[in-house]
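Please treat every number below as a calculation from the coordinates, not as lab data. A quick note: this is a predicted structure, and the numbers were derived from the prediction, not measured.
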Amino acid sequence: RNSKNVRRFDSLVVNRVMGVFHSWIQEIMCDLVGVQLLGPAFALAVLELTGIKEEQNLGSATHPPASLRLNSIKQELEAVGWLDAVLRPRSLWEDCKPYNSTAIDPLWPFDRQVFELVAGNVPNFLPACQTVVRGIAPLPRTDPTRYLADEDAMKVLIAASIPPGEKVNAAGTAT
């Protein structure tokens, strides 16, 4: 009877770990797609939403810690060319602290260990996630080169509500 309870407990633990892992990978995949589709607008929105403060870096059973999400977003921004070309020169990106589980107030007694286990292994799966997302076709990708215009020209376009890269006629309106 005791071994049956141990097996049941082991099964619950495995299910909990797999559930957290699946949710975190799914969320990171969505973040990567967001970067591919929206570029820095997505990254900055996530940064604004999650922040990089220690208390917002905990994660949950459904969402990875902010540091894991932001680091995967950072890698994708680097791969697409946004980070060094656009965000860093304008001081729009700040690296976050590594994941720290010490402040977790777990719902389950072993959630701290579950989150540590999953957090330690999710980065190993990031290259596979990136390969899948980058291989999705036809996924429109934002190209940073059209946004590297002169800053003054960029401000004029933004003031006129014209996205950078749009064709502008002699009257100064989008065509």
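Taken one residue at a time, the phi angles of segment 127-135 give Karplus couplings (6.51, -1.76, 1.60, θ = phi - 60°) of x, 5, 4, 4, 4, 5, 5, 5, x Hz. Gly and Pro are set to x.
The phi torsions of segment 27-33, fed into the Karplus equation with coefficients 6.51, -1.76 and 1.60 and a -60° offset, translate into couplings of 5, 5, 4, 4, 4, 5, 4 Hz, rounded to whole numbers, with Gly and Pro shown as x.
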